[in-house]
Every structure is written in C-alpha cells, then in structure tokens.
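Q: To start, I am sharing the structure in question, which I have written as structure tokens.
The values are calculated or read from the model by the stated rules, or taken from the named source; none is laboratory data. Quick caveat: nothing in here was measured; it's all calculated off a predicted structure. We place every Cβ from the backbone using ideal geometry, glycine too, and count neighbours over all the protein chains shown.
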Amino acid sequence: MNVLLDRWDTPFGLPPFAAIRDEDFGPAFDEALARARATIAAIAEGPGTSFAEVIEALELAEGDLDRVAGVFYNLAGADSNDAREALMRDLAPKMSAFSSEVTNNKALWAKIEALWQGRDGLDLTAEQARVLELYRRMFLRSGAALEGAAAKRLTEVKARLAVLGTQFAQNLLAEERGWHMELAEADLAALPAFVQDAARAAGAERGLGPVVTLNRSLIVPFLQFSPNRALRERAYHAWVARGANGGETDNRAIAAEILALRAERAQLLGYPDFAAFKLEPEMAKTPDTVRELLLRVWQPARARALADAAVLEAMLHADGFTGPLEPWDWHYYSEKRRKAEHDLDEAALKPYLSLEAMLRAMFDCATRLFGLEFREIEGPFYHPDVRGWEVTRDGRHVAVFLGDYFARGSKRSGAWCSAMRSQRKLGGDQRPIVVNVCNFARGEPALLSWDDARTLFHEFGHALHQMLSDVTYGFISGTSVARDFVELPSQLYEHWLEVPQVLEAHARHHETGEPMPAEMLKRLLDAVTYDQGFATVEFVASAMVDLEFHTGQPPADPMQRQAEVLEALGMPRAIRMRHATPHFAHVFSGDGYSAGYYSYMWSEVMDADAFAAFEEAGDPFDPATAARLERYILSAGGSEEAEALYLKFRGRMPGVEALLKGRGLLDAA
C-alpha cells in the first residue's frame, strides 16, 4: 500500500512525513483521482436525489484526494525540489481536467439544480441551504450550464490556465533562488549586526560568504541600512526585475496569455470581462465599486508620499548626491528620517522582537481572547525548520498548528496560511491541521523587524480562522469565504501586536530579558503610521493595475498597460508597485487574488472598525466582544454572506474613514 493512502496511525492524524517519499505522490494522486471519479459517477448515475445522497455525498467523495493534495501542495510551496516541481507541472492539467469533469457532469448538475428548484420543500437547515446555494453557484460559474463547443473550450481554457499558473510560480522561484550578491567585508561591516547575521546565514546556505538575496526579510533591511548607493541600486534592480530577465524563466508572455484566457473564460460564461465575473460573488460585487475605494485612498496617500519624497530628496542632496530621489534610495533615507524624527532605530528595536518572544505574544493573545492553549509537540514534520503545537481549549483538542518561519531556497517567497486538513463535522469530527509559512531571515536568535512581527500576527489571524471553524460542511469551513472578507481575521489580529500591554509583557531583550524601555515603546507606537504614504501608494498601484488588467479587453502587452495605468494615477517617481506584473504571484500564479488584490484594503476598512469594537468596550481583550468575534466571524466560515456576518458582529458596516485613520492619512484626505 502507498503510505499516503494508508490509515495514518500517528499522533493527531498528522501525515507520516518521515515515511513519505517523493515517488509516492504520483501513484497516490492517480489512485485518489480514480477513487474520486468512481464515487462521483456513482452519485451522478445512481438513484439518490436527496440532499444527503447528492450534496453530502459530494462533500465526502474526494476524501483520499484531499488528504494527498493537502500534503503535496503544502510541500510543493514550502519545500520544493526538482521532483515536486515536475509533478506540479504534471498535475496542473490533470487536476483541472478532473474539476471540469465534475462540473461538466450533466447528470450531476441536473440533480443539484433539481434540489435547488425544490429547496423550499426540503426542510434544510440554514447551513444546508447555504451549502446548496454555493454548490449550485460553483457549478454554474464553472460552466455546468454550457453545451457543446462552448463547454469544451471552457475546459481547455481552464486546463491551460492551470499549466500557466504553475509555470509562472516556478519561474519566479527559480529567479529568486538563482540570484545573490556577495558582500565585501567593508560593505558587510557597514550594516547592523542583525543584517550581517542574515547575510552570513544566506551565504552559508549557498556555500558562500555573506550575500544579499531576493528574500524580502533580507533585501529590505539591506536597502534600509546600506550606505553604498551603487550596491543598493544593483540589489533593487534585481528585486524588481524578477520574472523579467529574458530566457526560459521570463513571465511576461505568460502573463499576457493568462489575461487573454481569463477574458475568454468570462465571456464564455456570459460576463463582459474577467473582473465582472470574478467580483460577482465578492462583497465588492463590481469593478466600479473597487475602483471607487482605491481612488478614495489613492489621493491622500499620494499627497503624503510626495511630501515625504521631498524631505527624503533633500536628505539625499545633503549627502552630496545630485539628481532626483530614486526607488533604491527610499528605504535608506526613510530609515534615517525615522531615526531622526522618532528616535527609533530598527537595529536597536529588533533585539526586543525575537521570533521566540513574538510567538509567545501571538499565542498569549489567542489565549486571552479565545481561551486557546498551545503545547509544543515533537516532529518529525516536513522540514527540520518546522515546529508544531497542539492547540486545546478546556482540555479538548482543537487543532494542530505548524509554523515554518525561515527563508530557504526551496520555499517560494512571501508568507501564507494553508490547511493540510480542514475542519468539518460531516462524517465524523475532523479537526484541522493548519500551517503558517513565512520567510524570515535566520539568526542566532532570529530577530524580527516590526514588519516581520506584523506578518507573523497576520498569518496567525488566518490560522485562527481555520482552527476555530465550527461548521458541519467542509465546503464552507474556515477561510472558505469571499476573497475580500478572508483578510479580515488576519489584518484584525495585527492590531493586538500594537497593544501596549502585549509589548510590555513580551517585547523583551533576547539577551538580558529586560522589557523594552517605556520610551522606546512609546516611540514605536507613535511611529506605527510612519511612511504610510509610501506603503499605501505601492499597494494601491498594484491593486489598480490588477483591476485594470481584468476590466475590458485584455492587454496584448501587459507591461505597456501597467505603465499606462501608473501614468494615469500619477505614480510618484521614487516609488514602484509593490508587485510588478512579472512577479505578481498573487495575481498570476493562480486565480485566488486575480482581480482581487484590492481585497486586503477592502478588509482593512472592516478590520480598523472591528478593533474599534474592543476599544469602545474599554479592553482590547473584552470577553463579550471576543465571543462575538469568534461566533460571527472566526467560527462561521462561509455559512452566511460576509456582509451579514459582519453586521451580526458589529451592527453596521464601516466607511473608508476608519482605514484612512488607521493609516494616519485622514488629515491628507
């Protein structure tokens, strides 16, 4: 038997990582797909027509496939190798074909549609009615009602998109893995100790001396602290050129083909463009609504960024350089300005933000808010870097949480949360296995920047959404919600990092154990909105380019269209998009955030307002507010429309002013 298909007699039902070999995955997928096909054929062709015989049977039909995929796709993103990348390329069209087979099954679609039409007489629970609605919507949006050539073409389009998304992601990983810049001793000595340590660790992984890589947790501190302008320029150009260097790993043609195929997919389904198709089930609903939000935020953010740029350019000139402020100058002079104006030096701050201290803070907040307890458990897990915790409440098992925090060549860039197993009650109480993946720079100990610490809390907010899920059907479990709602729990959890009592308790010097000095803590919190003009501009620019890519006719040349959108916005010269098209993995490595990168900002409108509920209660850990948050947001999954859930929690919907206030931009509006 294949270990991936065996019963896992392991603690908490964790995958038996030590026994899994790469060569097990291909046969396991083949067998799991065959089993799923047989089960679904039996549902479609059998006599059963009830909700239990159709929808509930479909919920459980892909159990083996879910289990194998839950392990493989986590490993493929966090610990890739040649064998896993090859299998990813092989699986992309196979998995797409399987999905299309299911949604194109006319007998199955007829049963779902019959249930929908007769739903009033089925005596369904509210959750069952919601699941039926979402199944029908999924089938419709996947082309179940199409016939003949249109149905065939849609299947071809989706298969090609799956292949291209995988290729885009693998090209980006190859480019990030393939570049480094060695540092001379004098250049290294000019950097703070934590950057030196990270550069040495990155070099050691490559069998070299100290290097700068394209890992954000290393290259951004290098840009902040290196006084060598020529090296900053070289590193910055490599950073923004990912995916656009020519050759086999160039992503520009792939992006163009993806955009054309998405537009065709939308038109086959009767929508004017991909943005209209993609946004229909989201909270925003229409491209115009998204554009209105982004432009409402853009104007004050741009005004603040231009004012900041003038200050930084004067600092550049004072250092003896002529000409304008360049993008590779911004981080360096902004860091110098922050130190001068707020007396806040990131090199002095980081010793109080060790990874261990911030993990304790993160867990402590979850304990105080939701009564969760965390006990570290032994592996082996899928990589030696990975750590695991059992999560309990009142002595009951809630979940297993895995944390994979350090950058390495086998891991794609960024940070994310995934589930190897999602919560559900149908077919037995299934508790989740949740994974947070980050790309922090190594160190002894690992010291985080403030931005790193926010990322840690952000991803754990997603993890809480998975771990506290309390629904019957896996289809609506955890983060299975509208894309522009899914970032609410994650961005909301970031707020607890800024609670003074949390930092007073946990932000302690990694060597002495002394708490962060009160004056430093005050300066840190006073500076939380520092440089938000820059951060908001680089984000909104990316979100606007994403939206315009998917609105109207697809561009033949995405790079030209990108330039046109940025020119129309009046993009400040010294700021670039946070994610330029050739490395915009959110948008092009899959459909998740396509026409949806705005969703971080849409959710931020709510997260600022949601945390205000705790402030109004007079306690950031107010039990009644935390209970409402869990009941209506964290445990509810997709059991209701997102707006309905938020209204139950808060009683009203917020305006954009909450976001502008949270970013310190209200006075610039």
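Q: Restricting attention to the range 595-617, and to residues there that are in contact (Cβ under 8 Å) with a residue 60 or more places away in the chain and in a loop (DSSP other than H, G, I, E, B), which single residue is farthest from GLN170 (Cα to Cα)?
A: Only one residue tops the list, namely TYR598.
Q: Moving to a separate point now. For the range 290-330, which positions are surrounded by 15 or more Cβ atoms within 10 Å (Cβ to Cβ) and closer than 30 Å to ARG141 by Cα?
A: Listed by number, the residues that qualify are VAL290, ARG291, LEU293, LEU294.
Q: Which one of the conditions (1) surrounded by 22 or more Cβ atoms within 10 Å (Cβ to Cβ); (2) in contact with a Ser or Thr (Cβ under 9 Å, 6 or more places away or on another chain); (3) over 30 Å from GLU280 (Cβ atoms) does TYR333 fail to meet, given that it meets all the rest?
A: (2)
Q: Would you pick out the residues in the range 236-257 that are closer than 17 Å to ILE575 by Cβ and assigned to a helix (DSSP H, G or I)?
A: Matches in the range 236-257: TYR236, HIS237, TRP239, VAL240.
Q: Can you tell me how many residues within the range 541-572 are more than 27 Å from the chain's Cα centre (by Cα) and of a type in the set (A, V, I, L, M)?
A: The number of residues fulfilling the criteria is 2.
Q: Same structure again: Hey, does the range 92-107 have a residue that's loosely packed, with under 14 Cβ neighbours inside 10 Å and assigned to a helix (DSSP H, G or I)?
A: Yes, the range 92-107 contains a residue that is loosely packed, with under 14 Cβ neighbours inside 10 Å and assigned to a helix (DSSP H, G or I).
Q: Residue check: is LEU124 in contact (Cβ under 8 Å) with a residue 24 or more places away in the chain and part of a loop (DSSP other than H, G, I, E, B)?
A: yes
Q: Being within 19 Å of LEU161 (Cβ to Cβ) and either β-branched (Val, Ile, Thr) or assigned to a helix (DSSP H, G or I) (or both) is the filter here, so list the residues in the range 562-589 that pass it.
A: Hits for the range 562-589 are THR581, PRO582, HIS583, ALA585, HIS586, VAL587, PHE588.
Q: Give the range 629-645 a look and list any residue that's within 15 Å of ALA463 (Cα to Cα), part of a helix (DSSP H, G or I) and aliphatic (A, V, I, L, M), or say none.
A: Passing the criteria: LEU629, ILE633, LEU634.
Q: Now a separate question. Just checking, how many residues over the range 335-377 are within 26 Å of VAL398 (Cβ to Cβ) and part of a helix (DSSP H, G or I)?
A: Counting residues in the range 335-377 that are within 26 Å of VAL398 (Cβ to Cβ) and part of a helix (DSSP H, G or I) gives 16.
Q: Among the listed residues GLY513, GLY533, GLY592, which satisfies the condition of being at positive phi and either surrounded by fewer than 21 Cβ atoms within 10 Å (Cβ to Cβ) or part of a helix (DSSP H, G or I) (or both)?
A: Testing whether each residue is at positive phi and either surrounded by fewer than 21 Cβ atoms within 10 Å (Cβ to Cβ) or part of a helix (DSSP H, G or I) (or both) leaves just GLY513.
Q: OK, next. Within the range 78-91, track down each residue that is of a type in the set (Gly, Ala, Ser), buried (at least 19 other Cβ atoms within 10 Å of the Cβ) and closer than 17 Å to GLY26 by Cα.
A: SER80
Q: If only one of ASP273, ASP319 is charged (D, E, K, R), touching a His at 6+ places or on another chain (Cβ under 9 Å) and at pLDDT 95 or above, which one is it?
A: Selected residue: ASP273, the only one of ASP273, ASP319 that is charged (D, E, K, R), touching a His at 6+ places or on another chain (Cβ under 9 Å) and at pLDDT 95 or above.
Q: On to the next question. Can you name every one of the helices (runs of 4 or more DSSP H) wholly within the range 148-235 that holds 3 or more residues which are of a type in the set (Lys, Arg) and surrounded by 15 or more Cβ atoms within 10 Å (Cβ to Cβ)?
A: Because the criterion is at least 3 residues that are of a type in the set (Lys, Arg) and surrounded by 15 or more Cβ atoms within 10 Å (Cβ to Cβ), the helices (runs of 4 or more DSSP H) in the range 148-235 that meet it are 148-178.
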